[in-house]
Amino acid sequence: MKEITVLSGKGGTGKTTITAALASVAQNAVLCDNDVDAADLHLILQPQVMETNQFSSGWKAFVSTEICSNCGACIDNCRFGAISQTDGLIQIITYKCEGCRLCERICPSSAIYSKESINNYWYVSNTRHGKMVHARMGPGEENSGKLVTKVRRRAREIAKEQQASFIINDGPPGIGCSAISAISGTDLVLLVIEPTQSGLHDVKRLVELVRSFNISLYAVLNKYDINVLVAFEIEAYLHSENIPLLASIPFDKAMVESMVNEKTIIEYLPASAITQSIRKVWEIIKQ
Amino acid sequence: MSKTVITSSGNTLTSKFDKRFGRAEFFCLLDEATGQTSFIANEFKDANHGAGTKAAEFMVEQQVNKIISGDFGPKAKELLEKFDVQMVILQEELTIQAIVDRISKK
Amino acid sequence: MSYNIAIASGKGGTGKTTVSVSLFQTLRKELGGDVVLVDCDVEEPNDALFFANAKLLHNNEIKQRIPIIHTDKCTFCRKCVEYCEFNAVVVMPSVEFAEVNASLCHSCGACLVACQFDAITETEQLIGQVNHYDTGLIEGKLTVGSAMQTMLVKELKKHIPANKLLVLLDAPPGTSCQVVETVSDADYVILVTEPTPFGLHDLKLMVQLLREIGKPFGVVVNKSGLGNEEVYQFLDDDGIDLLGNIPINKLFASNYAKGDLLNNIPLEIASVVNQFTHKIMLNLGL
Amino acid sequence: MARRISPRKVVAPPSFIGFKPYGVITENTDSVELLYEEYEALKLADYDIMNHQEASKLMGISRPTFARIYESARRKIALALVEAREIKTSYGNAWMEKNWFVCNDCLARFTIPKNITARTCPVCHSFNIALLNV
């Protein structure tokens with residue numbers, strides 16, 4: 001079994017569109033949306049949810065106002081500015097609470113308690129291209145790294161059960177903890193880059209990160225014709241880093257149209273040049 | 001006397017080898033001298049943070065000499081290296097029994 | 001007290017940076033040095049790429065307080081281990097080892113409270129830096145591999161000069177805690193979206209978030225002409241202000257790609273930017 | 001399983017710990033630290049007379065990376081000669097993977113902590129093991 005993760009650093013480079021396209025070319029693959037903050041893969045693949053799970057992202061503090069003596073010890077000890085006193089009453093600003101539970105431990109009247117924050121869900125679904133594991137974080141929730149780990153673990157279990165040959169991960173943007181969780185343990189990272197200065201800048205930081213994990217790297221240049229000069233610059237960079245560039249895909253409104261029609265580009269325009277490039281990419285990375 | 005740990009996805013010898021270290025389901029303890037095995041559930045597998053570090057801490061406290069797993073995180077590596085615990089990485093899909101057999105076959 | 005406007009978008013690549021930077025440029029013509037742009041996308045700060053001639057004036061190193069356990073005083077009682085909700089403390093009595101794993105530490109201070117033997121003190125560790133440019137741009141940049149985004153955003157906000165009239169905060173993509181940290185002090189939020197199913201889906205998440213924390217907001221639709229009309233329907237149904245519509249324009253995209261955005265804003269886009277700049281200024285009573 | 005990027009493989013570590021110049025007083029000069037991979041690059045290119053393409057393949061790295069390592073090795077040797085400095089060899093330092101071995105029979109990768117003297121594979125007990133050095 002081979003695990004492939006598609007990453008981009010910067011958002012909006014076409015990572016999900018390309019992941020979806022790969023999903024429709026790949027035979028016998030399990031799909032996994034690692035972008036738990038803003039999961040979008042399901043919009044193209046229209047999954048039927050078979051299994052729903054709740055996920056705890058840590059603790060949040062609460063005050064029992066009837067017990068609270070309003071002594072303010074918690075305010076003095078909270079380093080996240082998550083506790084305030086209005087009209088003499090202690091209040092927790094939930095979205096600032098980091099879940100360290102220090103206030104709960106030091107409260108002299110035991111008026112503070114913590115509840116697990118369970119505003120997150122993850123799902124196992126059926127799609128027309130195979131099983132898919134995806135998640136939804138509650139807005140403002142922390143800990144997406146852990147959720148990514150959970151989602152990936154389930155995808156691996158399913159891949160084992162079904163003896164799938166591949167897991168295709170749609171990775172999260174950025175280089176933070178969720179990106180790290182998405183990279184670790186994967187066999188191959190495919191970078192989707194757009195030829196913009198920010199695209200190049202972000203991809204350099206991402207390459208630095210992936211390199212530290214010692215994982216094979218491949219790249220696809222998306223919308224390469226929006227700026228051919230920057231595209232050249234990126235090609236040169238990839239060359240110097242010894243990262244094979246598998247395809248240069250032109251900017252094409254059909255990519256968005258296919259999304260609007262809830263189809264992958266392969267399904268929408270099976271005979272197009274883009275479809276052929278993506279098939280070629282898959283032939284190489286599946287090796 | 002050599003105490004070996006193999007990360008396992010279940011608590012029997014027929015269970016699959018678990019390639020995760022900190023988030024492995026079980027740890028299989030193997031006494032290489034006698035060939036005896038026992039299984040311990042990994043209490044940190046669902047920890048929100050630092051499962052690898054906690055597992056490494058546990059190994060050192062249990063005076064484990066050798067750990068067989070699929071990968072070790074950088075922090076776990078550092079700790080295990082410091083306390084002279086041998087780390088072994090296997091990438092094959094194997095059962096615990098198969099690994100035990102391989103070690104026992106001198 | 002300055003007025004803070006955050007620019008956010010659920011989805012990445014919708015044009016948040018484009019809007020932030022062109023808005024900043026336009027507002028600067030009106031307000032001069034009284035407006036600053038703060039790039040809060042600390043994982044991937046990109047705003048500076050558009051100000052090729054900007055000079056770095058100075059920078060501040062941002063540090064996180066990390067506890068240190070002094071093994072000479074430590075009794076290896078493991079109380080700090082029990083207090084640490086983040087599993088960042090490693091204590092092994094059998095080998096008399098005690099250490100804090102900085103990459104897991106949230107600097108909450110619980111272990112210091114836990115320790116009854118004065119064995120824990122704090123030191124500082126670099127998590128990133130804040131760069132100040134002469135063009136009025138301030139950016140936070142996370143050290144690669146650090147997971148302290150939210151803390152860096154919080155520290156970054158402390159470095160914004162207090163005497164400015166208007167502060168533009170360019171938020172990271174997504175709806176995670178660092179985004180909340182960015183928008184939490186904003187007086188108004190501009191959401192940037194694109195008229196595609198992905199854009200709309202993530203816009204809805206952002207709207208939900210902003211309603212939860214009670215922030216007034218409006219929406220800018222970028223790349224209009226691409227995709228479909230559903231986003232307008234949504235704004236209409238939910239009674240959300242449409243601040244502006246930026247048409248899709250390949251020349252503009254190409255200039256953006258080169259990092260050359262500000263000198264070549266096409267007329268149609270400039271007029272839209274102007275339009276919503278004035279809308280905002282009107283809203284603010286400026 | 002897919003193959004991961006091979007680390008910079010060093011066929012054999014240098015058979016010495018260092019070199020010392022004589023005829024000069026060297027106490028106060030810093031020694032030059034020659035990394036194993038630099039030693040290897042120098043050996044392959046200038047002793048085994050291999051071209052860079054071949055040599056980089058052998059070390060499992062790209063040609064530009066090889067060229068960089070080789071250049072750094074030459075500069076260090078030149079510095080040591082001209083300024084009469086000691087040369088000390090060391091493993092590549094920035095990597096966690098240092099001191100990792102591979103078993104050529106069962107492909108297990110493993111460390112050998114300093115309290116273990118046996119140079120055998122901890123899984124299949126083969127003697128056919130090699131140092132993986134990055």
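The values are calculated or read from the model by the stated rules, or taken from the named source; none is laboratory data. All figures in this text were calculated on a predicted structure; none of them were measured in a lab. Reconstructed Cβ throughout: ideal geometry from the backbone, glycine too, with neighbour counts over all protein chains shown. SASA here: full protein model, heavy atoms, side chains in, ligands and nucleic acids out. Shrake-Rupley method; radii C 1.70, N 1.55, O 1.52, S 1.80 Å.
The figures follow:
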item	result
Filtered residues of the range A:22-39 (kept if in a loop (DSSP other than H, G, I, E, B) and more than 8 Å from the chain's Cα centre (by Cα))	A:Ala26, A:Gln27, A:Asn28
Residue check for A:Ser110: under 24 Å from C:Cys80 (Cα atoms), out of contact with any Ser or Thr (no Cβ under 6 Å at 6 or more places or on another chain), within 12 Å of another protein chain (Cβ to nearest Cβ) and of a type in the set (Ser, Thr, Tyr)	no
Pairs, first facing another protein chain (nearest Cβ under 8 Å) in the range A:223-234, second open to solvent by less than 10 Å² (accessible area, probe 1.4 Å) and assigned to a helix (DSSP H, G or I), C-beta under 7 Å, six or more apart	A:Ile226/C:Ala257; A:Asn227/C:Ala257; A:Val230/A:Leu200; A:Val230/C:Ala257
Some residue of the range A:209-218 being at the interface with another protein chain (Cβ under 10 Å from one of its Cβ atoms) and more than 30 Å from B:Gly73 (Cα to Cα)	no
Matching residues, the range A:9-21, being at the interface with chain C (Cβ under 8 Å from one of its Cβ atoms) and in a loop (DSSP other than H, G, I, E, B)	A:Gly9, A:Lys10, A:Gly11, A:Gly12, A:Thr13
Qualifying residues in the range B:65-87 (those that are farther than 19 Å from A:Ile183 by Cα and basic (Lys, Arg)) - the one nearest to the other protein chains (Cβ to nearest Cβ)	B:Lys66
Qualifying residue in the range A:84-102 (condition: on the phi < 0 side of the Ramachandran plot, open to solvent by 70 Å² or more (accessible area, probe 1.4 Å) and not in a strand (DSSP E or B))	yes
Filter result for A:Ile118 (within 10 Å of chain C (Cβ to nearest Cβ) and open to solvent by 20 Å² or more (accessible area, probe 1.4 Å))	no
Whichever residue in the range D:94-111 is at pLDDT below 85, in a loop (DSSP other than H, G, I, E, B) and within 14 Å of chain B (Cβ to nearest Cβ) and, among such residues, is farthest from D:Ile69 (Cα to Cα)	D:Leu107
Residue under evaluation B:Phe27, criteria (1) farther than 17 Å from C:Glu82 by Cα; (2) free of Cβ contacts under 8 Å to residues at least 40 places away in the same chain; (3) not in a strand (DSSP E or B), criterion not met	(3)
Odd one out for B:Gln62, checked against (1) free of Cβ contacts under 8 Å to residues at least 60 places away in the same chain; (2) more than 8 Å from every other protein chain (Cβ to nearest Cβ); (3) crowded, with 22+ Cβ neighbours inside 10 Å	(3)
Residue tally, condition within 11 Å of chain C (Cβ to nearest Cβ), open to solvent by 10 Å² or more (accessible area, probe 1.4 Å) and aliphatic (A, V, I, L, M), over the range A:39-63	1
Residues (open to solvent by 50 Å² or more (accessible area, probe 1.4 Å), closer than 28 Å to C:Cys40 by Cα and at pLDDT below 90) located in the range C:92-123	C:Ser103
Residue match in the range B:27-43 (condition: of a type in the set (Gly, Ala, Ser), closer than 28 Å to A:Thr186 by Cα and surrounded by 15 or more Cβ atoms within 10 Å (Cβ to Cβ))	no
Search result, residues across the range C:67-86 that are of a type in the set (Phe, Trp, Tyr) and either more than 8 Å from every other protein chain (Cβ to nearest Cβ) or open to solvent by 50 Å² or more (accessible area, probe 1.4 Å) (or both)	C:Phe76
Verdict on C:Val89 being β-branched (Val, Ile, Thr), within 14 Å of chain B (Cβ to nearest Cβ) and buried (at least 20 other Cβ atoms within 10 Å of the Cβ)	yes
So A:Val25, is it open to solvent by 30 Å² or more (accessible area, probe 1.4 Å), within 25 Å of C:Pro197 (Cβ to Cβ) and β-branched (Val, Ile, Thr)	no
Failed item, numbered, when C:Ile160 is tested on (1) within 12 Å of chain A (Cβ to nearest Cβ); (2) part of a loop (DSSP other than H, G, I, E, B); (3) under 22 Å from C:Leu37 (Cβ atoms)	(1)
Test set (1) closer than 20 Å to C:Thr175 by Cβ; (2) free of Cβ contacts under 8 Å to residues at least 12 places away in the same chain; (3) not acidic (Asp, Glu) - C:Lys29 fails condition number	(1)
Failed item in (1) buried (at least 19 other Cβ atoms within 10 Å of the Cβ); (2) at the interface with another protein chain (Cβ under 9 Å from one of its Cβ atoms); (3) modelled with pLDDT under 90, with B:Asp18 passing the rest	(2)
Positions within the range C:10-32 being open to solvent by 20 Å² or more (accessible area, probe 1.4 Å) and more than 19 Å from C:Val273 (Cα to Cα), in sequence order	C:Lys11
Complete set of residues in the range D:113-125 that are more than 7 Å from chain B (Cβ to nearest Cβ) and within 17 Å of B:Val5 (Cα to Cα)	D:Cys121
Lone qualifier among A:Val148, A:Val203, A:Val189 - being within 14 Å of chain C (Cβ to nearest Cβ), under 12 Å from A:Gly9 (Cβ atoms) and of a type outside the set (Lys, Arg)	A:Val203
Residue within the range C:143-153 that is open to solvent by 40 Å² or more (accessible area, probe 1.4 Å) and in a strand (DSSP E or B) present	no
Count - residues of the range A:235-257 that are in contact (Cβ under 8 Å) with a residue 60 or more places away in the chain and either closer than 16 Å to C:Gly227 by Cβ or facing another protein chain (nearest Cβ under 9 Å) (or both)	1
Residue within the range A:151-160 that is part of a strand (DSSP E or B), more than 8 Å from every other protein chain (Cβ to nearest Cβ), at pLDDT 85 or above and more than 16 Å from the chain's Cα centre (by Cα) present	no
Any hit, the range A:92-113, residues being at pLDDT 90 or above, over 29 Å from the mean Cα position of the chain (by Cα) and within 30 Å of A:Ala38 (Cβ to Cβ)	yes
The range A:64-83, residues that are part of a helix (DSSP H, G or I) and surrounded by 12 or more Cβ atoms within 10 Å (Cβ to Cβ)	A:Ala73, A:Cys74, A:Ile75, A:Asn77
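Condition check ((1) touching a Lys or Arg at 6+ places or on another chain (Cβ under 6 Å); (2) assigned to a strand (DSSP E or B); (3) open to solvent by less than 10 Å² (accessible area, probe 1.4 Å)) across all residues:
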residue: B:Ile6; (1), (2), (3): no, yes, yes
residue: B:Phe72; (1), (2), (3): no, no, yes
residue: B:Glu93; (1), (2), (3): no, no, no
residue: B:Gln97; (1), (2), (3): no, no, no
